[in-house]
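Q: A single structure is presented below for examination.
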Amino acid sequence: MNKKELIISLKNKGLSRKILSAFSKVPRENFIPENSRKFAYYDDALPLEKGATISQPSTIAFMLELLELKKGQKILEIGSGSGYVLALLSEITKGEIYGIEIISSLAKNSEQTLSKYKNIKIYNKNGSQGLKEKAPFDRILISAESRELPESLYAQLKDQGIIVAPINNSIFKIKKQNNSIKKQEFPGFVFVPLTD
């Protein structure tokens with residue numbers, strides 16, 4: 001499958017133009033190991049290192065759609081891996097983008113790959129407690145699976161903010177409205193676990 005075919009398949013899933021445009025602009029092959037680059041535009045998760053993966057494009061696109069992204073938002077991604085999703089978030093919002101990645105080599109490599117993006121900052125640390133010093137965020141995306149709802153992160157979310165997180169083979173959309181929390185569940189997804 002090539003890039004054009006991947007974009008057509010995402011378009012057929014009804015994804016918005018701004019998300020399709022970001023997928024067109026960001027070269028996925030730059031974010032994966034050389035030996036996997038021929039598979040860059042297959043709709044598959046691919047291995048990175050130390051058990052980490054880059055999620056399949058259709059799953060990433062679905063999560064980005066759930067985030068209801070808008071221009072200028074402040075966004076945190078926990079488990080930012082090779083930085084591919086950070087680049088997509090930047091293309092869509094041009095906002096203030098933060099990534100947390102626990103595997104130091106991945107954090108370092110993603111910093112180099114993303115060096116032209118001046119609005120992206122990557123932290124090499126455990127992301128389970130979020131990034132209090134930069135909170136509150138408009139959006140928080142968790143890109144690895146946890147066993148329970150990320151309640152400790154609710155305080156780092158602005159009112160009307162959204163968290164999208166994989167929990168026990170489902171993707172949850174969590175919206176904060178007037179200090180109450182609304183949750184929607186979308187089952188049937190598999191992610192690597194969040195490392196702590």
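The values are calculated or read from the model by the stated rules, or taken from the named source; none is laboratory data. Everything numeric in this text was worked out from a predicted model, so none of it was measured. Using ideal geometry, Cβ is built from the backbone for each residue, glycine included, and neighbour counts are taken over all protein chains shown. Just so you know, the surface numbers come from the protein's heavy atoms only, side chains and all, with ligands and any DNA or RNA stripped out. Shrake-Rupley method; radii C 1.70, N 1.55, O 1.52, S 1.80 Å.
Q: Could you go through segment 173-188 in sequence order and give the Karplus-derived ³J(HN,Hα) for each residue, using 6.51 cos²θ - 1.76 cosθ + 1.60 with θ = phi - 60°, rounded to whole Hz, and x for Gly and Pro?
A: Residue by residue, segment 173-188 yields 10, 10, 10, 9, 10, 6, 6, 10, 10, 10, 10, 10, 10, 10, x, x Hz.
Q: Pop out the Kirkwood hydrodynamic radius of segment 97-168 from its pairwise C-alpha distances, inverse of mean 1/r, in Å to one decimal.
A: Roughly 13.1 Å, rounded to one decimal.
Q: Right, something else. Beyond a 22 Å Cα-Cα separation, which of these cross-linked pairs lie in this structure: Lys70/Lys121; Lys70/Lys176; Lys94/Lys116; Lys13/Lys50; Lys3/Lys183; Lys70/Lys183?
A: Details: Lys70/Lys121 19 Å; Lys70/Lys176 17 Å; Lys94/Lys116 13 Å; Lys13/Lys50 32 Å; Lys3/Lys183 34 Å; Lys70/Lys183 20 Å.
As for pairs spanning more than 22 Å Cα to Cα, those are Lys13/Lys50; Lys3/Lys183.
Q: Classify segment 154-196: rounded, prolate or oblate, from the alpha-carbon gyration tensor (a ≥ b ≥ c, eigenvalue square roots; a/c under 1.5 rounded; otherwise prolate if a/b is larger than b/c)? Don't skip to the end; give the middle numbers.
A: Values: a/c = 3.66, a/b = 1.73, b/c = 2.12.
In terms of gyration-tensor shape, oblate.
Q: Could you give the length gained by full extension between Glu29 and Leu149, i.e. 0.36 nm per residue of separation minus their alpha carbon distance, to one decimal place? Each step should come with its number before you reach the end.
A: Details: separation 120, 0.36 × 120 = 43.20 nm, distance 3.21 nm.
Once the chain is fully extended between Glu29 and Leu149, it gains 40.0 nm.
Q: Could you pull out every residue, at least 5 positions away or on a different chain, whose amide H is within less than 5 Å of the one on Tyr123? Hs are placed 1.01 Å off N in the peptide plane, and Pro or chain starts have none.
A: HN-HN under 5 Å from Tyr123: Gly99, Ile100, Glu101.
Q: Could you work out what % of the accessible surface of segment 89-196 is carbon and sulfur, using a 1.4 angstrom probe and leaving DNA, RNA and ligands out of the count?
A: Working: 2580 of 5480 Å².
Roughly 47 percent of what the probe reaches on segment 89-196 is carbon or sulfur.
Q: What does the C-alpha gyration tensor say about the overall shape of segment 131-187? Classify as rounded when a/c is under 1.5, otherwise prolate if a/b is larger than b/c, or oblate. The partial results should precede the final answer.
A: Working: a/c = 2.20, a/b = 1.41, b/c = 1.56.
It is oblate, given that a/c is not under 1.5 and a/b is not larger than b/c.
Q: Okay, moving on. Can you order the peptides 95-104, 12-21 by their average number of other Cβ atoms within 10 Å per residue, highest first? Intermediate results must be reported in sequence, preceding the final value.
A: Working: 95-104: 22.0, 12-21: 13.4.
Going from most to least packed, we get 95-104, 12-21.
Q: Would you work out if the chain is rounded, prolate or oblate? Take a ≥ b ≥ c from the square roots of the eigenvalues of the alpha-carbon gyration tensor; rounded if a/c is under 1.5, else prolate when a/b is larger than b/c, oblate otherwise.
A: Details: a/c = 1.42, a/b = 1.26, b/c = 1.12.
Note, shape of the chain comes out rounded.
Q: Still on this model: Of the accessible area of segment 1-86, with the probe set at 1.4 angstrom, what percent is carbon plus sulfur? Could you put the intermediate results ahead of the total?
A: Details: 2130 of 4080 Å².
Using a 1.4 Å probe with all protein chains present, segment 1-86 comes out at 52 percent carbon and sulfur.
Q: Let me ask something additional. I'd like to check one number: the per residue accessible area of segment 26-154, probe 1.4 Å, reported in Å² as a whole number. Intermediate values should be presented prior to the final figure.
A: Details: 5560 Å² over 129 residues.
Accessible area per residue, segment 26-154: 43 Å².
Q: What order, most packed first, do the peptides 71-77, 155-161 have when packing is the mean number of other Cβ atoms within 10 Å of each residue?
A: Those peptides, ordered most packed to least, come out 71-77, 155-161.
Q: Using the Karplus curve 6.51 cos²θ - 1.76 cosθ + 1.60 with θ = phi - 60°, work out ³J(HN,Hα) for each residue of segment 115-120 in order, rounded to whole Hz, and write x for Gly and Pro.
A: Working through the residues one at a time gives 4, 6, 8, 7, 9, 10 Hz.
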